[in-house]
Amino acid sequence: MAVSPRAALGVAWPLAAAAGSGVLAFSYVAPGVDLAAMTRGVIGPATWPKAMLLCAAAAAALLGLIRLLELLSLRLAREPAVDQTDYHEARSIGAIALLVGYGVAIPFVGIAWATPIFLAGWLLLGGLRRPLLIGLTSILGTLGILYFFVKVSLMPLDRGKGIFEQATVALYRLLGIY
Amino acid sequence: MDALAAFAQGLVVALQPLHLGVMVIGVLIGVIAGALPGISFVNAMAIALPFTYMMSPLVAMMFLGGIYVGGVFGGSISSLLLNIPGDPDSLPSCWDGYPISQRDGPQRALSIAITASAVGGLFSAFLLAFASPPFARFALTFDQPEFFAATVLGLVSVLAISKGQLLMSLMSLFFGVAIGAIGTDPLYGVPRLTFGFDLLANGIEFTVVMIGLFALGEVLDYASQRIRPDFGVKEKARMTILSLRDLWALRFSIGRGTAIGSVIGVVPGAGAAVGALVAYGIERQVNKRRDEFGTGVEDGLAAPEASKNATTGTALIPLLTLGIPGSAGAAIMLAALMLHGVQPGPNLYTKDPGMLYAIFASFTLANVFMVIVSVGVARFFGTMMRADPAIICAFIVIFSVVGAFGVRNNIADVYLCLVFGVLGFYMRRFGFPTAPMVLGVILGPLAEGYFMTSMANYADDWTVFFTRPKSAFLMALAAGFVLWALGPELRQLARRLVDGRRR
């Protein structure tokens, strides 16, 4: 019987999740803490998370076993149900990279400078090609956000480090929001 | 009479300019978010949550309540104008609503929808105001084991919407509860599941998880799709309230929808989508024109519309009386209350009845203002749809990131939000439900607290949950939920096994 990679993965990941949760429950809930000394009766600080992880492991193991049973014993190479939406892999990875890059950049360059770059990148990724629209949306959008959060909501947005912090403060002063 | 006087007093508070303004802005945000396909009002509520920090608990609830009420209806606008449901709960509105829109014009369909929704919503808001206090008085007799049992019921209620993914929903739920346990244990002061990372020592804020899983996950999902729906509506749609004559003609379907929605709203986890689907299904069974359903029968639009808005008020009854959210929207309102240090439960009715009645009154007003706001949004819907979805998604990301940062003014929350965003995207993509995880993160710490104090108060006797009558009843109800969800899955599995052996 030929097993499709997706069907095999559909069996493998729940079993891996079950094993991972089990290991986590027994070894990493509170490593280095003498739980036995702290436990009163049957209840201790690790009881609840451990129980939840073991329940998750049980559910995952059951799911994996059911799928394994279907796949091996019953010759039902039923693939796990997944969304049938057609995904653009490169765009998907690009969007995640852009998102992560934005988050990582914030403490270094500050929200004021990271945001227009992110906006421009996201709009390009989304298929917009008109430079004026991209430029205006990025700049005016960022200014609007800064005004709303810094001036109106009085939120201390991350200003970045070093020269970027100075540049952010200068920008805030220019906008009259600092 | 006391309740009526308290409600009138609440109305006075709700009509204060600040409160009214915040509620109307909430309704506007909700209707727009609901109407935009791909952006659910739950996302809007999750993104709005951190911004309620600067508000009082009352104003925060009025704001989120406005988004909730407006958002539940908003999805119908795109259902009726584009045949694309703005939210899952607006799906039944497409089936008969869009054909009406095509045949008699969008004005007719929108007018039926808004009138039915307003009737359902108003009835539900009155139920919330007048039925929840007696329920809260009953809940005052609860002790820690009963609250634990009620929280367990809230947790397992998510299985009601597991849609044939029971085990995955359970996994998602338990992982959510485990995520909720990350950080320093409040009773023993022991860091748990922190892996030595300082940023995890203070725990993971459920707001961050919610924004990541709901908002960022959905945006990434939308951005990654190869073919995206075309939102090309170009005409201005007007709507009005139905005449009394038209309303009278639809009285039975609106009445049935309202009754069904009001009951389903109380069921934890069910929410507007289940309410709308059940109401449509029942209307299709009992209506004289049942054979014509799907071709533009007005009762087929009125019933689900009335039902989905009728769930909004009653979904808050278990939330405010027991701390169990009846829907995803109610879960976010629970989060808002907890963020402000307000513990929902029966004690709230004795400690701060003024705030509660103001919330009830605001909820009632929101259903009235929903009509006015929706008329405006429907009129400019075509203009709104001309905005490129990439631009809308980009700003959702910015608001999400800034919102996550604002939770504790800590970049660590942004990192966690991004992690949950990517996780949410892949969970969505591979059919792994996200809602149970969110519910687990919110209710998990509450459940643990009730469990630990029950154990401390009852000498570590875990049978206390099953020997006290009310607790045992709630536990039995929770077990019933699990069995109810498990039954069809087991039958399906048995059928597959039998079919497989025959091959």
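From A:Thr168, A:Thr142, A:Thr115, which residue is over 27 Å from the mean Cα position of the chain (by Cα) and closer than 24 Å to B:Ala412 by Cα?
When all the criteria are applied, what remains is A:Thr168.
Pick out the one residue from B:Pro85, B:Pro106 that is more than 20 Å from B:Asp246 (Cβ to Cβ) and more than 14 Å from the chain's Cα centre (by Cα).
Just a single option satisfies the conditions, and that option is B:Pro85.
Specify which of the listed residues (A:Ala90, A:Ala120, A:Ala97, A:Ala114) is aliphatic (A, V, I, L, M), more than 10 Å from chain B (Cβ to nearest Cβ) and part of a helix (DSSP H, G or I).
Being aliphatic (A, V, I, L, M), more than 10 Å from chain B (Cβ to nearest Cβ) and part of a helix (DSSP H, G or I) holds for just one of A:Ala90, A:Ala120, A:Ala97, A:Ala114, which is A:Ala97.
Answer yes or no: is there a residue in the stretch A:12-23 that is more than 24 Å from B:Thr463 (Cβ to Cβ), at the interface with another protein chain (Cβ under 9 Å from one of its Cβ atoms) and surrounded by fewer than 17 Cβ atoms within 10 Å (Cβ to Cβ).
no
Out of all the residues in the stretch A:32-45, is one or more modelled with pLDDT under 95, buried (at least 21 other Cβ atoms within 10 Å of the Cβ) and part of a helix (DSSP H, G or I)?
So far as the stretch A:32-45 goes, no, none of its residues is modelled with pLDDT under 95, buried (at least 21 other Cβ atoms within 10 Å of the Cβ) and part of a helix (DSSP H, G or I).
Scan the stretch A:120-167 residue by residue and report those that are more than 17 Å from B:Ile392 (Cα to Cα) and among the hydroxyl-bearing types (Ser, Thr, Tyr).
Residues satisfying the conditions are A:Tyr147, A:Ser153.
Got at least one residue in the stretch B:110-126 being more than 18 Å from B:Gly255 (Cα to Cα), crowded, with 23+ Cβ neighbours inside 10 Å and in contact with a helix residue (DSSP H, G or I) (Cβ under 7 Å, 6 or more places away or on another chain)?
yes
Of the residues B:Phe51, B:Phe41, B:Phe63, which is of a type in the set (Phe, Trp, Tyr), within 17 Å of the chain's Cα centre (by Cα) and within 14 Å of another protein chain (Cβ to nearest Cβ)?
B:Phe63
Applying the selection to the stretch A:131-159, what residues are within 11 Å of chain B (Cβ to nearest Cβ) and assigned to a loop (DSSP other than H, G, I, E, B)?
A:Ser153, A:Leu154, A:Met155, A:Pro156, A:Leu157, A:Asp158
How about the stretch B:270-297: which of its residues are part of a helix (DSSP H, G or I) and of a type in the set (S, T, N, Q)?
Selection gives B:Gln285 alone.
Starting from the stretch B:419-433, keep only residues that are within 7 Å of another protein chain (Cβ to nearest Cβ), then list their pairs with residues that are among the aliphatic types (A, V, I, L, M) and in a helix (DSSP H, G or I) whose Cβ atoms are within a distance under 6 Å, requiring at least 6 positions of separation or different chains.
Taking only residues 6 or more apart or on different chains, the pairs are B:Gly421/B:Leu216; B:Val422/A:Ile96.
Looking at the stretch B:408-415, can you tell me whether even one residue there is surrounded by 18 or more Cβ atoms within 10 Å (Cβ to Cβ), within 14 Å of chain A (Cβ to nearest Cβ) and acidic (Asp, Glu)?
Within the stretch B:408-415, one or more residues are surrounded by 18 or more Cβ atoms within 10 Å (Cβ to Cβ), within 14 Å of chain A (Cβ to nearest Cβ) and acidic (Asp, Glu).
When you look at B:Arg238, is it at pLDDT 85 or above, surrounded by fewer than 16 Cβ atoms within 10 Å (Cβ to Cβ) and within 24 Å of B:Val371 (Cβ to Cβ), yes or no?
no
Keeping to the stretch A:100-110, report how many residues are at the interface with chain B (Cβ under 7 Å from one of its Cβ atoms) and either over 16 Å from B:Leu216 (Cβ atoms) or not in a helix (DSSP H, G or I) (or both).
Residues flagged as at the interface with chain B (Cβ under 7 Å from one of its Cβ atoms) and either over 16 Å from B:Leu216 (Cβ atoms) or not in a helix (DSSP H, G or I) (or both) within the stretch A:100-110 amount to 1.
The values are calculated or read from the model by the stated rules, or taken from the named source; none is laboratory data. Note that this is a predicted model, so its numbers are computed, not measured. Quick reminder, even Gly has a Cβ in these numbers, built from the backbone with ideal geometry, and neighbours come from all protein chains shown.
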